[in-house]
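The structure under discussion appears below in the form of structure tokens.
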């Protein structure tokens, strides 16, 4: 039995590839975006490599649709436009896998908490305790027009709604204590009235009575992931998240982020083990460092300049970057309501590396802010081990430029290197996602209250 | 090849049983309500019997929760309180079946059309064209308090919202024409801009720009089912539904309903084959008629009077029926906002059959308005054949008092009788739910417009 600190691995399946031109690679299978068999294959590859979880992000709209409607025909080059709805996908994937965690994004901005609480609890039941919910606030302006809004909600309002949404969802997950269903054929009593609870939530954004019409799920609560990097996002994550997905490109910054989240968590009475920090990682493998760099250059060559520029438009604060020289510097950007933290990261990366507009655009398009790791399997394992041991990360969320080959290669070449170092499992030890991540099952709040009341009486 | 008019069969899985005391039967497995393996078993039994579809109704709340909160402890005897969320369930069931249709209810009252359009289209993709959406307006007052409302929306408002919801959902389903994704690696163009469409819907209840972030699904549109029986409900169904689920207990009334829906449909330019009418049917089987009646009496004996009375409270228009003598007549009921048509049916049934309050209460609890068919397999097949041939029904939605045995018995005993008569398939002929039901794939509206424009130019 190994006692080394263990790495967590997530497979972030960004269809048809996280690199905006990755789908043009000869190995790429872009039809995966609408083909459930592709989703199943990637998930099964991840499970064979003993990943903790697979993860699907989500957007409730076609990214770039506003611009497409305005007639910007270069938008037709964007690949990440269609996909299967992630929660239906998770439920189906539960049937073709046995151990791996199943995490999907669902926005708090355009959903009702009762519906989200039910669906993730159901997936947790169906999968035998493998569900996870990545709680986000919607940040793509193209989404708002599909839900009756002309403009996107302000950043602060979205986070306030998200925090309240979380309270309602987790409260509903506790509706039924263990043993709440008696199903006593003899007496005819189906439920134990004292173990069914009304939430009676009345807040600024929601008014929800409860109870949820589903019993508590195998994990107590499905795992909750978050990705916020702004002040409001970090604080919500530290208080509530089991897993934090983040974009970190440099070890020093990653260590500072890691320390910040764990110390914020401590302020809320949570231990460092209660929250797992998993930066994104985009592998570009080669048998040699030279070959890996060539592979990366080849991939970058597939990306048209107009597509690269568009990858910045989301954080440009409304500035039309196509009016600036591609070989000049990144111009001063107006403040962005949509993704403050991401804008700051891009600006800093460009400044620090003296990048031209074309270079920062291609760089951003290549990894959407995530670390692009170019090298051999051994180099990658070294780097991951270093980040783990120096407390820059508890694990990584592996997101590929295209699918399936780079993901298969990572699983076949890098994972065995990690296992050889004793920092990654060779077999699953448990059956639930909480088991894999080493997270406790939260106690039902009403059971705890009853237990505490009893203890007070006894003393 | 048979040329007889063919019967359609749906399996309506009402967990843990449609009879309010059915779960107390020695054969009943009430734990099925939270056990996905139960859902899978019932669906696989239905598929082995070549059913057109399985069907899950839904409630976004615990029925009876208001009364439970008020302290009415008899509510603890209600069994239909918890279940798996139906759309997640459908996606999972798609993986453990190969042919049977997969239909679930989703309310238009507490959802957003963009989310519903995506999820059912995704299930249609995942299942290879087997998804169906039962469009309802929420009629249980316990649901409203889970979505920020103190009171339920008025009947007329709910139907107006439902009609607009349908327009948005089907419009979004047409967002992508066939061939809308080019994925041309050489040119770098992912989508054909001219085959992606913005809905730009602006109505009283919704404002939705589109496009949907998912391509058109194998059935074009998932099958749409409806159950409304009121004037507004019938009209919406005749205009839009592929399948109508209905509660009909007498052949003459069923024929009138059938003729009414088909003639209303004709007014909207639809043929009689475009809309399938499937009343509910609750079988109580016996090897002899006498044994079947005994089985029914035994089942009724399991039902406490207070539970039977509660089954009427939903349609009592607020009148407390427990104050009336159980062996006296059903009292005059005030108008009901929640379920007009159902109230009218119950009142008529009681009057016509001279039933006491206890009798009509037990009768209602036994079938929630659906025809309870008590008899031998041969009797049932005779009745179903008669209803089919006399145009009282295009098929039936089989809903059982408890599970799994009565459903297994129906499939093993009644289905072979129907097959022997040549009115029900012995093998699936197609692969999609539209194939099974004999329904056309609707043409994409934009493809049709382009085709029509081209024809005008040519003439």
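When only alpha carbons are used to place a centre, the stretch B:1-41 and the stretch A:268-330 end up 52 Å from one another. Taking every alpha-carbon pair under 8 Å whose residues sit at least 6 apart, the stretch A:248-320 reaches a relative contact order of 15 percent. A Förster radius of 51 Å, combined with the Cβ-Cβ distance separating residue A:186 from residue A:391, puts the computed FRET efficiency at roughly 0.35. With Cα atoms as the point set, the stretch B:98-226 shows a radius of gyration and Dmax of 16.6, 58 Å.
Cut-off 19 Å, label point 7 angstrom out along Cα-to-Cβ of residue B:301: give me the residues of the stretch B:271-288 whose amide nitrogen falls inside. Backbone N within reach: B:284-288.
How large is the Kirkwood hydrodynamic radius of the stretch A:362-407, in angstrom, based on all distinct alpha carbon pairs? Could the numbers behind the result be given before it?
Numbers: mean 1/r = 0.0845 Å⁻¹.
Hydrodynamic radius (Kirkwood, Cα pairs) of the stretch A:362-407 is 11.8 Å.
Partner shielding of A:116-123 amounts to 5, given as the average count of beta-carbon atoms from other chains within 10 Å of each residue beta-carbon. Against the main long axis of the alpha-carbon atoms of chain B, helix B:36-48 sits at an angle near 80°. Calculated on the Cα set of the stretch B:321-376, radius of gyration then Dmax: 11.8, 39 Å.
What the Cα convex hull of the stretch B:1-137 gives, in volume per residue, is 141 Å³. Using only the Cα atoms, work out Rg/Rh for the stretch B:320-459, with Rh taken as the Kirkwood radius, to two decimals. Taking Rh as the inverse mean 1/r over Cα pairs, Rg/Rh reads 1.16. For chain B, the longest principal axis of the Cα atoms and the long axis of helix B:340-352 meet at an angle of about 30 degrees. In the stretch B:275-392 the Cα-Cα distances spread across 10 Å bins starting at 0 as 13, 38, 32, 16, 1 percent of all pairs.
Each principal axis of the Cα atoms in the stretch B:269-313 has its own extent, and those three values, largest first, are 49, 35, 8 angstrom.
For the stretch A:442-459 versus the stretch B:81-111, the inter-centroid distance based on Cα atoms is 37 Å. If you wrap the tightest convex hull around every Cα atom of the protein assembly as shown and split its volume per residue, you get 180 Å³.
A point 7 Å from Cα along Cα→Cβ stands in for residue B:273, and the other copies hold the same point at 6.7 nm, listed in rising order. The stretch A:216-295 has equivalent-ellipsoid semi-axes of 30, 17, 10 Å, by the square roots of 5 times the alpha carbon gyration tensor eigenvalues, sorted largest first.
When B:333, A:330, B:9 are arranged by Cβ crowding within 10 Å, least crowded first, meaning fewest neighbours, the order is B:333, A:330, B:9. With label points set 7 Å from Cα along Cα→Cβ, the inter-copy distances at residue B:329 are 9.2 nm, sorted shortest first. Inter-part distance, the stretch A:332-378 to the stretch A:61-75, computed on C-alpha centroids, equals 22 Å. Based on C-alpha pairs under 8 angstrom that are at least 6 apart in sequence, chain B has a relative contact order of 23 percent. With R₀ set to 35 Å, the beta-carbon distance separating residue B:348 from residue B:149 gives a calculated FRET efficiency near 0.65. Taking Cα atoms only, the orientation of helix B:231-240 departs from the longest principal axis of chain B by about 40 degrees. Size of the stretch B:56-148 from its Cα atoms: along the principal axes, largest to smallest, the extents are 47, 27, 14 Å. The fraction of all Cα pairs in the stretch B:32-84 landing in successive 10 Å bins from 0 to the largest distance is 21, 37, 26, 13, 3, given as whole percents. Computed over the alpha-carbon pairs of the stretch A:182-222, the distance histogram in 10 Å steps reads 23, 39, 30, 8, 1 percent, short to long.
What FRET efficiency would be calculated for the residue pair residue A:452, residue B:420, taking the C-beta separation as r and a Förster radius of 51 Å, to the nearest 0.05? Please list the in-between numbers first.
Values: r = 65 Å, r/R0 = 1.28.
The calculated FRET efficiency here is 0.20.
Using just its DSSP H runs of length 4 or more, each adding -39500 (n - 2.57), the protein assembly as shown gives a mean residue ellipticity at 222 nm of -12000 deg cm²/dmol after division by all residues. Per-residue shielding of B:210-219, expressed as the average number of other chain Cβ atoms within 10 Å of the residue Cβ, stands at 5. What the Cα convex hull of chain B gives, in volume per residue, is 164 Å³. A simple packing score, the average count of other Cβ atoms within 10 Å per residue, orders the peptides A:89-96, A:409-416 as A:89-96, A:409-416, with the highest score first.
Considered as an equivalent ellipsoid built on the Cα gyration tensor, the stretch B:395-448 has semi-axes of 31, 15, 9 Å, the largest given first. Dividing the C-alpha radius of gyration of the stretch A:1-69 by 2.2 N^0.38 Å, with N its residue count, gives 1.43.
Give me the log10 of I(q) over I(0) for the stretch B:212-352 at q = 0.11 Å⁻¹, as the Debye formula computes it from C-alpha points; what are the numbers? For the requested q values the scattering log ratios are -0.61.
Each value in this text was obtained by applying a stated rule to the coordinates, not by laboratory testing. Since the model is a prediction, treat every value here as computed from it, not as a measurement. Virtual Cβ from ideal backbone geometry, glycine too; neighbours counted across all protein chains shown.
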